[in-house]
Amino acid sequence: MRMRSLLFVPGDRADRFGKAAASGADAVIIDLEDSVSLANKDKAREALLRYGPSRRGAPALFVRINPAGSEHLMDDLDAVRRAGPDGIVLPKCEGAQTVAFLARKLADAGCPALPILPIATETPAAIFRLGTFAEVSGLICGLTWGAEDLPAAIGAATSREEDGGYTPPYQMVRSLSLFAAHAAGVRAIETVYPDFRDEAGLHAYAARGRRDGFAGMMAIHPAQVPVINRAFTPDAAEIGKARAIVAAFRAKPEAGVIEIGGRMLDRPHLTAALNILSMAEGAD
């Protein structure tokens, strides 16, 4: 499953589902949680049930359910079972224990084993459990983070500086999430860029994410999808360079270090080159 771009759409806005699916996003996330009021939870589930079984082909369909401890959980999972999505986005996740709990509840609800994408930083306790996701790596398809719920949970005024950059606590949270994903052997997914009208800011934000080791990014508006897809798709120059590195190591399989264009390259460069080719091919 390709996961460069994952586009949120409120579950109670069925009129937006088609536009989201046509946006070019690799995955559409129908949200049953934060963007849906309590009064509209049933409406959102009903819209999911109408859309899920009728969809054809790409993009992949994820559903963001309500938190694992929520009174809405089993109703959400019943809708998931009937709608047949490709994965679940798990909010307010507090490490491996929450993922394992959801896996048990999925079984109780008669759902097939669905890939889970945890949002791993939305409570203070979650930060201290980021290192546990390796224990449930077979249940998750990636790991993402958020910078909105956490400051609210601790009484912070904001997670951002005036220029839009993250304040030091949230820079740390982002970094820990990135390393937690890689420690678990799954894709790190960058969080949303809230200003969907700021294309230049989005481009810089997504480029930083790709540079730092994220494999994809969440979006809140269809207009963001093309920028995100470009950022997380290697260009022709990157692909050519990666192919040259792979070919050079294949020609000298016993070599620990090779020389290309006056640069000495070792095995970490080969790993990076293989990652680029994997991204280019849309492979897992």
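The values are calculated or read from the model by the stated rules, or taken from the named source; none is laboratory data. Computed from a prediction, not measured in an experiment: that's the story for all the values here. Positions of Cβ are backbone-derived with ideal geometry, glycine not excepted, and every protein chain shown enters the neighbour counts. Remember, those area values only see protein heavy atoms, side chains included, never the ligands or the DNA or RNA. Shrake-Rupley method; radii C 1.70, N 1.55, O 1.52, S 1.80 Å.
The residues Lys41, Lys252, Lys105, sorted by heavy-atom accessible surface at 1.4 Å with ligands and nucleic acids left out, run Lys252, Lys105, Lys41 from largest to smallest. Please give the Cα centre distance for region 178-207 versus region 58-117, rounded to the nearest Å. So the separation of the two Cα centres works out to 23 Å. Given R0 = 51 Å, the distance between the Cβ atoms of Ala113 and Glu238 translates into a calculated FRET efficiency of 0.90.
Note the full-extension length gain between Ala39 and Asp198 as 0.36 nm times their separation in residues minus their Cα-Cα distance, in nm to one decimal. Each step should come with its number before you reach the end.
Working: separation 159, 0.36 × 159 = 57.24 nm, distance 3.22 nm.
Gain on stretching Ala39 to Asp198: 54.0 nm.
Pairwise inverse Cα distances across region 95-243, averaged and inverted, put the Kirkwood hydrodynamic radius at 16.5 Å. Taking every DSSP beta bridge that has both ends in the chain, the antiparallel portion is near 15%.
Evaluate E = 1/(1 + (r/R0)^6) for Ala207 and Glu254, where r is the Cβ-Cβ distance and R0 equals 45 Å; express this FRET efficiency to the nearest 0.05. Kindly include the intermediate steps, with their values, before the conclusion.
Details: r = 37 Å, r/R0 = 0.82.
E(calc), rounded to 0.05, equals 0.75.
Relative contact order, whole percent, for the chain stands at 16, derived from Cα pairs under 8 Å and 6 or more residues apart.
Put simply, the convex hull of the Cα atoms in region 159-284 casts, on average, a shadow of 9.4 nm².
Based on the Cβ-Cβ distance of Ile154 and Ala280, what FRET efficiency does E = 1/(1 + (r/R0)^6) give at R0 = 51 Å, to the nearest 0.05?
Numbers: r = 40 Å, r/R0 = 0.79.
Computed FRET efficiency for Ile154 and Ala280 comes out at 0.80.
The listed residues Arg211, Arg160 rank as Arg211, Arg160 when sorted by accessible area, largest first, using a 1.4 Å probe. Across region 101-106, rounded Karplus estimates of 3J(HN,Hα) from the backbone phi angles (6.51 cos²θ - 1.76 cosθ + 1.60, θ = phi - 60°) give 4, 5, 4, 5, 5, 4 Hz, Gly and Pro being marked x.
Which of Ala200, Ala183, Ala120 moves the most in a Gaussian network model of the chain with Cα springs under 10 Å? The residue with the greatest mean-square fluctuation here is Ala200.
Just to make sure I understand: if all protein chains stay in place, what is the order of Phe101, Phe179 by accessible area at 1.4 Å, largest first?
Phe179, Phe101
Relative to the first principal axis of the alpha-carbon coordinates of the chain, what is the inclination of helix 73-83, with its axis defined by its Cα atoms, in degrees from 0 to 90 and to the nearest 10? Taking Cα atoms only, the helix is inclined about 70 degrees. Rounded if a/c is under 1.5, else prolate if a/b is larger than b/c, else oblate: which is region 55-105, with a ≥ b ≥ c the root eigenvalues of its Cα gyration tensor? It is prolate, given that a/c is not under 1.5 and a/b is the larger ratio.
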